[in-house]
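Chemist: Quick one: this structure, given as structure tokens, is what I'll be asking you about.
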Amino acid sequence: MSLYNAREAEEKWQKKWKEMSLYTTDLNDKDRKKYYNLVMFPYPSGDKLHIGHWYNFAPSDSWGRYKRMQGYNVYEPMGFDSFGLPAENYAIKHGVHPQKSTKKNIDYMKKQLNAMGAMYDWSTEISTSHPDYYKWTQWLFLQLYNHKLAYKKKSPVNWCPQCQTVLANEQVVEGQCERCDAEVTKKDLSQWFFNIRDYAERLLDFSDLDWPEKTQLMQEHWIGKSTGSTIVFDVVDPSTKKPTGKTITVFTTRIDTLFGATYMVLAPEHKLVDDITTDSHKENVNDYVEKAKKETDINRSAEGREKTGVETGAYVKNPINGKIIPVWIADYVLASYGTGAVMAVPAHDERDFAFAQKYKLPITQVIKPADGSELPLDEAFTDDGILINSETFDGLPSSEARKAITKALEKGKKGELTTQYKLRDWLISRQRFWGAPIPIVYCNDCGEVPVPEEDLPVVLPLEGVDFNPKGESPLATVDNFVHTKCPSCGKPAQREVDTMDTFVCSSWYFLRYPNAHNTEKAFDKHLTDTWLPVDMYIGGPEHACMHLLYARFITKALHDFNFIDFDEPFKKLVHQGLITKDGAKMSKSKGNTVSPDEFVEQYGSDVFRMYLMFMGPFTDGGDWNDSGIKGIARFVDKFYDLIYTKADVQDEETLQKMLHKTIKKVTEDMEKFQFNTAISALMEFTNSASKTRIDYESKKIAVKLIAPLAPHLAEELWETLNQGDSVFNAKWPTYSEELITEDTVQIVVQVNGKVRATFEAPIDIQKDDAVHRAKKIKKIQKYIEKGTVVKEIFVPGKIVNIVVK
RNA sequence: GCCGCGGUGGCGGAAUUGGUAGACGCGCAGGACUUAAAAUCCUGUAUGGGUAAUACCAUGUGAGGGUUCGAUUCCCUCCCGCGGCACCA
């Protein structure tokens, strides 16, 4: 039996920390360097925190404690992302009001977070569904609105028939709703957008950020920049071939293939479709457009789907050679990208090739392979090459031709260099109840009028609302909410009834934390510039193209509005790995979630959090399996007994060497977020020190080393060592280089690269000496005698390799 | 299809400016303590030979090839798993 009672100690210290206000950060401290240590705040959708949260939160807290011991003024806030679909769907399912279920879930989660014993500064807790918070989310909306970055527009949008609301592009995963997996359809609706596209180029700049390569790549792909040219084609009369005065602009990255354009294709939603279609083709075209509208994205973009399209009867003139080509409509061209129209070059584009084959359209080859190989006839040749059949441009390589042809078109104003992005504007309105109301009023006389700042918040009515989704915002049925006065002229007017996407709430919460008590402003400029950007941000990689992109956009916008001096929210970002259960993602619906509570009850928070960290690298995650948790429990007992038990040190030199090696190893591993190897180093030290015994001063160092990883245990032992203050006010130990340098090393002797023997030697042994000594070893002699020595290799302090032939 | 990451004992994993593969932990086996069990402690534990036991030998980091005195680490081809994107012209 160990002497340590984890449950008692943990309860005792959680209480004491609270009494001492140990983790209440002095945000105005000017003596110490600030450190903003942030973890993505949870949404109270289920009823409790699961293992995944702990896997995320506990190491983040260990990191914060480590930085604190290094002398930083660490700020580790916590709050709840309590608005939004997850919380609302949970409430509907359980037949409770979202406000009630949210509160209940938050209360329970706080209990769990308390049991974890993290150093959260609860004095600045925030909850996005509280009017004190969403008042400022609405303020944020108004700032964007005033700077023309928020606008309402009718357009085809993603519609989830299950959740009965529109969704942002980012919330559609493989054509399905991110939340409920229902197939997403398109609807023509008037909706609110944030103009994130304006920031596409700046969002590609990661130069001052310490972010995972992978996340940068994901955002880059999502933004999807490509440079090419726009080309203007004149629409010509089908019979006379004379220009009609109308033009169609296409976007291409392959202007070098312009001579190979044998037809043009418009997206069914292209606004000129109706205009250019000739009477004899109207019926066909209308049918096709109607059908395309009904198709879901998932069907329209299914891989290997056969291409379809119809002729419009219209013709356009190729500006480079005057060739007249037909205009088609096909749904493989997307209205939302580029200009919604493409020039089709079947010889050099796979999609165009497939389409041309099906509809027997001409295929003209204009590029030949640069390496002289034959042009294929049964497929498109899509690589760059040398131009052929392109009049004066023949013989030019693709890259040159792109410049030359663009130049030629520029003269006649028929083409220019353009950049396109896949990123679309952020759709932020939702036809749901549980969100921040959009602060806009519609007046018959004044039109769209923003709610004045002093009238915020536009309070979400909590009573008398049937919040079940029905395709229109539930707020539309609340008369005393809808009917109001126009802020501009005072006449009767109606409120906007849609609410904001919950990602708007979370796109700025990190700015609010230090300002949580500010009732005058969303944030104070000086305080915010002092504390931000966030020094360390930890959360899941699934937010790469949503929250993390939105937060960067909002920060840049607020910077441009002169509210803050920085334009990136998170200086360093780390993603924790995913914890699975039997290989599957843990989820409520699958019923395979694992609760941390029983483990904490049985082994204590320290053991549980250390076990999560010991499982493997933090960024890897892994499959949950509790079989090894006993090992950590044993280690904690051993460590406690080692420090608690009095015994005279037996081997001072070995102890000191081991101790200082451990300081070095743990420090380096903490820096690299390699908690698993930091813990194993502490295990090795404990095993070793149990043999050598340990003195008082070394005990203090050992306790400090384990403190970030096992805070309660360390605090308890710190007290038994008669240290008055908290161990978290103590300084992180440093090691002595001198103590860890060995004066002798083991030199490995290899023959032909295979280890055959070893010998002890001074660390600075020279080659001649080492080779000489190696050759004297009997076993080595046997190998040498079998042939002749052709080479001797010496790696200082490590290896002698004798090559025998 | 494209982009990115990974594949090491029975299991989780260590070790890479190329230098003793398997640290640490789990599990397992044997032993001590105990009337017995649990707990604890000690010893062993990549695989295959080999030995009374050491010694020793061979093989071994998804597969195959290459570079090198030497490859888990670098290069090429392929297989498998995971994550992201997906008709973006």
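Values quoted throughout were computed directly from the atomic coordinates according to the rules given, and no laboratory measurement underlies them. It should be emphasised that the depicted structure is a prediction, and the values quoted were computed from it without experimental measurement. Note that each Cβ is placed from the backbone with ideal geometry, even for glycine, and that neighbours are counted across all protein chains shown.
Chemist: Would you list A:Val273, A:Val96 from fewest to most Cβ contacts within 10 Å?
Modeler: By the 10 Å Cβ count, ascending, the order reads A:Val96, A:Val273.
Chemist: Arrange the peptides A:719-732, A:486-499 so that the one whose residues have, on average, the most other Cβ atoms within 10 Å appears first.
Modeler: Highest to lowest by the protection proxy: A:486-499, A:719-732.
Chemist: Here's another thing I want to ask about it. For a 22 Å ceiling on Cα separation, which of these pairs sit above it: A:Lys214/A:Lys422; A:Lys214/A:Lys664; A:Lys571/A:Lys665; A:Lys317/A:Lys407?
Modeler: Over 22 Å Cα-Cα: A:Lys214/A:Lys664; A:Lys571/A:Lys665.
Chemist: Filter the trypsin sites (Lys or Arg not before Pro) in region A:194-286 to those in DSSP coil with at most 14 other Cβ atoms within 10 Å of their Cβ, and list the result.
Modeler: Listed in order of number, the matching sites are A:Lys241, A:Lys271.
Chemist: Strictly over 28 Å apart at the Cα level, which of A:Lys241/A:Lys411; A:Lys271/A:Lys470; A:Lys12/A:Lys630 would you flag in this model?
Modeler: Pairs exceeding 28 Å: A:Lys271/A:Lys470.
Chemist: Pick out, from A:Thr25, A:Pro796, A:Tyr36, the residue whose Cα sits farthest towards the positive end of the charge dipole of chain A, with +1 on the Cβ of Lys and Arg and -1 on the Cβ of Asp and Glu.
Modeler: Projecting each Cα onto the dipole axis, the largest value belongs to A:Pro796.
Chemist: To continue, here is another question. Name the GluC sites (Glu not before Pro) in region A:120-182 that are in a loop by DSSP and that have at most 11 other C-beta atoms within 10 Å, would you?
Modeler: Sites meeting the loop and neighbour criteria: A:Glu174.
Chemist: Under a 5 Å amide H to amide H cut-off, with H placed in plane at 1.01 Å, what residues pair with A:Ala757 once short-range neighbours are removed?
Modeler: Result for A:Ala757 returns A:Val749.
Chemist: Same structure, new question: For a protection proxy built on the mean count of beta-carbon atoms within 10 angstrom, sort A:657-665, A:147-155, A:425-433 highest first, please.
Modeler: So the order, starting with the most tightly packed, is A:425-433, A:657-665, A:147-155.
Chemist: To the nearest 20 Debye, how big is the dipole of region A:484-597 about its Cα centre, given +1 on the beta carbon of each Lys and Arg and -1 on that of each Asp and Glu?
Modeler: The dipole magnitude comes to about 360 debye.
Chemist: Determine the relative contact order of chain A: mean sequence separation of Cα pairs under 8 Å and six or more apart, normalised by residue count, in whole percent.
Modeler: Rounded, it is 14 percent for chain A.
Chemist: Would you mind counting up the charge near A:Val649? Only other residues with Cβ under 12 Å from its Cβ, with Lys and Arg at +1 and Asp and Glu at -1.
Modeler: Surrounding charge for A:Val649 is -2.
Chemist: Where Lys and Arg each count +1 and Asp and Glu each count -1, what net charge lies around A:Thr788 among other residues with Cβ under 15 Å from its Cβ?
Modeler: +3
Chemist: Mind checking which of A:Leu334, A:Trp159, A:Leu578 is farthest towards the positive end of chain A's charge dipole, using Cβ charges of +1 (Lys, Arg) and -1 (Asp, Glu) about the Cα centre?
Modeler: Of the options given, the answer is A:Leu578.
Chemist: Magnitude of the Cβ-charge dipole of chain A, K/R +1 and D/E -1, about the Cα centre, nearest 20 debye?
Modeler: So the dipole magnitude of chain A works out to roughly 1160 debye.
Chemist: Further question on the same structure: What list of ³J(HN,Hα) values in whole Hz, one per residue of region A:465-478 in order, does the Karplus curve 6.51 cos²θ - 1.76 cosθ + 1.60 (θ = phi - 60°) give from phi, with Gly and Pro shown as x?
Modeler: My calculation for region A:465-478 gives 10, 8, 8, 5, x, 9, x, 10, 4, x, 5, 5, 8, 9 Hz in order.
Chemist: Assuming a ≥ b ≥ c are the square roots of the Cα gyration tensor eigenvalues, decide whether chain A counts as rounded (a/c under 1.5), prolate (otherwise, with a/b larger than b/c) or oblate.
Modeler: oblate
Chemist: Please enumerate, by chain and number, the lysines with C-alpha under 18 Å from the C-alpha of A:Lys30, excluding those fewer than 8 residues away in the same chain.
Modeler: Cross-link targets: A:Lys67, A:Lys525.
Chemist: Okay, next question. So, in nm, how far is label A:Gln99 from label A:Glu697 when the simple model puts each one 7 Å beyond its Cα toward the Cβ?
Modeler: Distance between label points: 6.3 nm.
Chemist: Quick one: check the C-alpha center-to-center distance for region A:1-26 versus region A:685-761, whole angstrom.
Modeler: The distance from the Cα centre of region A:1-26 to that of region A:685-761 comes to 25 Å.
Chemist: On to the next question. Within region A:1-45, what residues put their amide N at less than 12 Å from the label point 7 Å along the Cα-to-Cβ vector of A:Thr720?
Modeler: The answer is A:2-6, A:9.
Chemist: Of A:Pro450, A:Thr677, A:Phe608, whose Cα points farthest to the positive end of the dipole of chain A (charges on the beta-carbon: +1 Lys, Arg; -1 Asp, Glu; origin at the Cα centre)?
Modeler: In chain A, that residue is A:Thr677.
Chemist: How do the peptides A:698-705, A:104-111 rank, highest first, by the average count of neighbouring beta carbon atoms within 10 Å per residue?
Modeler: Descending mean neighbour count gives A:698-705, A:104-111.
Chemist: By the scheme Lys and Arg +1, Asp and Glu -1, what is the net charge of all other residues having a beta-carbon under 14 Å from that of A:Glu568?
Modeler: -3
Chemist: Quick one: what are the phi-derived ³J(HN,Hα) couplings along region A:123-129, Karplus 6.51/-1.76/1.60 with θ = phi - 60°, whole Hz, x for glycine and proline?
Modeler: Working through the residues one at a time gives 5, 10, 4, 10, 9, 5, 8 Hz.
Chemist: I'd like the distance separating the alpha-carbon centroids of region A:426-467 and region A:477-491, in whole Å.
Modeler: Going from one Cα centre to the other spans 10 Å.
Chemist: Tell me the chymotrypsin sites (Phe, Trp or Tyr not before Pro) within region A:470-541 that lie in a loop according to DSSP and have at most 13 other beta-carbon atoms within 10 Å.
Modeler: Sites meeting the loop and neighbour criteria: none at all.
Chemist: Helix-derived [θ] at 222 nm for chain A: sum -39500 (n - 2.57) over DSSP H runs of at least 4, divide by residue count, nearest 500?
Modeler: -10500 deg cm²/dmol
Chemist: With both bridge residues required to lie in chain A, what share of the DSSP beta bridges run antiparallel, to the nearest 5%?
Modeler: Once the DSSP bridges in chain A are tallied, antiparallel ones form about 75 percent.
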